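> Below you'll find the structure I mean.
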């Protein structure tokens with residue numbers, strides 16, 4: 001048994017019928033490297049089955065403590081059924097990009113069954129009319145609950161199912177034989193909660209000592225006047241209550257060109273350029289609807305504070321960054337984004353993001369669950385109260401080709417949750433020389449995701465042209 005952290009459990013407490021809290025991906029594969037040139041679903045199942053031991057998430061399910069008097073536990077599911085978690089469908093003809101996006105959005109809108117391990121894969125065939133894909137290409141749509149992984153630890157699942165060649169010589173053997181666990185009784189769970197409550201004061205004192213030993217934050221150099229501490233968050237359509245329906249879209253951008261653009265503003269990062277592209281797209285999208293606010297939109301950007309490279313679960317803090325959507329000049333927008341991101345990162349460092357995530361685990365589970373219920377009720381009636389307009393989460397991926405079940409991974413697009421007051425998430429993933437910016441949104445808030453994708457393209461064109469980059 002392994003207990004969820006307070007941050008992990010919060011994604012369970014915040015979940016509702018309209019707001020499933022899982023993340024995921026759309027991974028597209030070229031089967032030309034598969035033995036025989038044709039991929040079979042049974043081969044994919046067998047490939048996943050022999051790698052289940054490489055990631056704990058695959059066979060762990062939740063056990064909740066009565067009355068939420070403590071945080072839930074993970075146990076090994078003794079009734080694990082691989083074929084429940086891996087499904088198989090096919091797009092109707094002609095099988096184009098729009099059809100794929102619609103099907104992915106439908107899959108992503110459905111909550112996971114919390115009585116089973118919290119993940120699903122759906123293999124989608126029939127991508128016959130998607131431009132640029134080799135014949136026979138197929139997609140795998142993944143869904144993993146946010147209580148189990150965040151964007152960075154989710155990469156471990158990708159690594160478990162991918163290798164650097166189509167058919168690696170050997171799969172690492174499991175450290176021990178796998179066995180399922182008998183679910184603990186309510187009495188056992190309550191006893192564990194009582195023992196934990198008795199030891200919490202000592203653990204809290206240890207956390208205080210670690211926080212006291214932390215070095216002073218480094219002062220940020222430069223003119224802080226260009227990066228205000230507080231930012232006015234304008235009201236937009238993305239701050240409304242969300243429906244249970246979702247949309248998905250995505251676009252790809254070349255990393256070498258993005259690196260050339262970032263050099264136009266001293267100190268700018270690749271992430272600054274991505275935020276600038278997103279800010280320009282939002283400017284175009286809202287202007288086309290006569291809804292562009294005078295002040296800058298603000299993005300919440302998650303930051304990993306992970307200690308170990310293979311530490312699953314959620315270890316994230318966040319910073320708010322002005323996206324420069326009020327600026328017409330793309331290079332001025334990039335400078336605005338960079339200044340805001342630099343100052344926000346300094347504030348996160350100053351307050352000690354990792355220490356804050358550690359202290360969060362001392363909040364009683366019952367209080368955390370009650371606070372989540374109060375927040376969801378408040379956000380439903382006051383959805384525009386959040387201090388940001390959207391979420392932009394950037395997860396760096398490998399820059400070499402990956403293979404799964406013999407097939408080459410062609411592209412990888414992220415999927416994320418939306419909730420009341422935050423109806424737009426832009427997951428970003430880099431792979432093999434490209435940055436993929438995806439769109440996860442409420443369908444009632446963004447009924448035309450293909451137009452927003454066009455705005456992403458246009459924003460990048462304007463920015464690269466202003467920077468003199470081909």
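> Would you point out the residue of segment 224-244, among those that are buried (at least 17 other Cβ atoms within 10 Å of the Cβ) and closer than 23 Å to residue 343 by Cα, that is modelled with the highest pLDDT?
234
> Exactly one condition in (1) at pLDDT 95 or above; (2) part of a helix (DSSP H, G or I) is false for residue 375; which is it?
(1)
> Just a yes or no: is a residue in segment 31-41 at pLDDT below 90 and either surrounded by 19 or more Cβ atoms within 10 Å (Cβ to Cβ) or not in a helix (DSSP H, G or I) (or both)? Even if it seems obvious, please write down each step before you answer.
At the first step, the residues of segment 31-41 found to be at pLDDT below 90 are 36-38.
Within this subset, residues satisfying the condition of being either surrounded by 19 or more Cβ atoms within 10 Å (Cβ to Cβ) or not in a helix (DSSP H, G or I) (or both) are 38.
The answer is yes, given that some residue of segment 31-41 is at pLDDT below 90 and either surrounded by 19 or more Cβ atoms within 10 Å (Cβ to Cβ) or not in a helix (DSSP H, G or I) (or both).
> I'd like to know if segment 60-83 contains one or more residues that are assigned to a helix (DSSP H, G or I) and modelled with pLDDT of 95 or more.
Yes, the conditions are met somewhere in segment 60-83.
> A follow-up question, please. Determine whether segment 419-437 contains at least one residue that is assigned to a helix (DSSP H, G or I) and surrounded by fewer than 16 Cβ atoms within 10 Å (Cβ to Cβ).
No, segment 419-437 has no match at all.
> Quick one: which residue in 100, 107, 127 is in a loop (DSSP other than H, G, I, E, B) and buried (at least 20 other Cβ atoms within 10 Å of the Cβ)?
Numbers: 100 fails: in a loop (DSSP other than H, G, I, E, B); 107 fails: in a loop (DSSP other than H, G, I, E, B).
Criteria check complete, one pass: 127.
> Follow-up question, since we're still on this one. What is the residue count in segment 1-35 for residues that are under 16 Å from the mean Cα position of the chain (by Cα) and under 30 Å from residue 96 (Cα atoms)?
Total meeting the criteria: 9.
> If I filter segment 181-194 for residues that are at pLDDT below 65, in contact with a strand residue (DSSP E or B) (Cβ under 9 Å, 6 or more places away or on another chain) and surrounded by 14 or more Cβ atoms within 10 Å (Cβ to Cβ), do I get at least one hit? Before you say what the answer is, go through the steps one by one.
We begin by selecting, within segment 181-194, every residue at pLDDT below 65; these are none.
No, segment 181-194 has no match at all.
> Of all residues in segment 440-460, which are over 13 Å from residue 279 (Cα atoms) and assigned to a helix (DSSP H, G or I)?
Those that are over 13 Å from residue 279 (Cα atoms) and assigned to a helix (DSSP H, G or I): 449, 450, 451, 454.
> Follow-up. So, in segment 380-396, of the ones that are touching a helix residue (DSSP H, G or I) at 6+ places or on another chain (Cβ under 8 Å) and under 16 Å from residue 436 (Cβ atoms), which residue ends up modelled with the highest pLDDT? Break it down into steps so the answer makes sense when it comes.
Within segment 380-396, the subset touching a helix residue (DSSP H, G or I) at 6+ places or on another chain (Cβ under 8 Å) is 383-386, 389-390, 392, 394-395.
After this cut, where a residue has to be under 16 Å from residue 436 (Cβ atoms) as well, the list is 392, 394-395.
Working: 392: 97, 394: 92, 395: 89.
That would be 392.
Okay, residues lined up against (1) in contact (Cβ under 8 Å) with a residue 40 or more places away in the chain; (2) under 25 Å from residue 43 (Cβ atoms); (3) in contact with a strand residue (DSSP E or B) (Cβ under 7 Å, 6 or more places away or on another chain):
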{"position": "57", "(1), (2), (3)": "yes, yes, yes"}
{"position": "73", "(1), (2), (3)": "yes, no, yes"}
{"position": "82", "(1), (2), (3)": "no, yes, no"}
{"position": "93", "(1), (2), (3)": "no, yes, no"}
{"position": "97", "(1), (2), (3)": "no, no, no"}
{"position": "103", "(1), (2), (3)": "no, yes, yes"}
{"position": "106", "(1), (2), (3)": "yes, no, no"}
{"position": "113", "(1), (2), (3)": "no, no, no"}
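> Being in the same structural domain as residue 122 (by TED's automatic domain parsing), surrounded by fewer than 18 Cβ atoms within 10 Å (Cβ to Cβ) and modelled with pLDDT of 95 or more is the requirement here; does residue 87 meet it?
Details: in the same structural domain as residue 122 (by TED's automatic domain parsing): yes; surrounded by fewer than 18 Cβ atoms within 10 Å (Cβ to Cβ): yes; modelled with pLDDT of 95 or more: yes.
Yes, satisfied.
The values are calculated or read from the model by the stated rules, or taken from the named source; none is laboratory data. What you are looking at is a predicted structure, and each value in this text was computed from that prediction instead of being measured. Quick reminder, even Gly has a Cβ in these numbers, built from the backbone with ideal geometry, and neighbours come from all protein chains shown.
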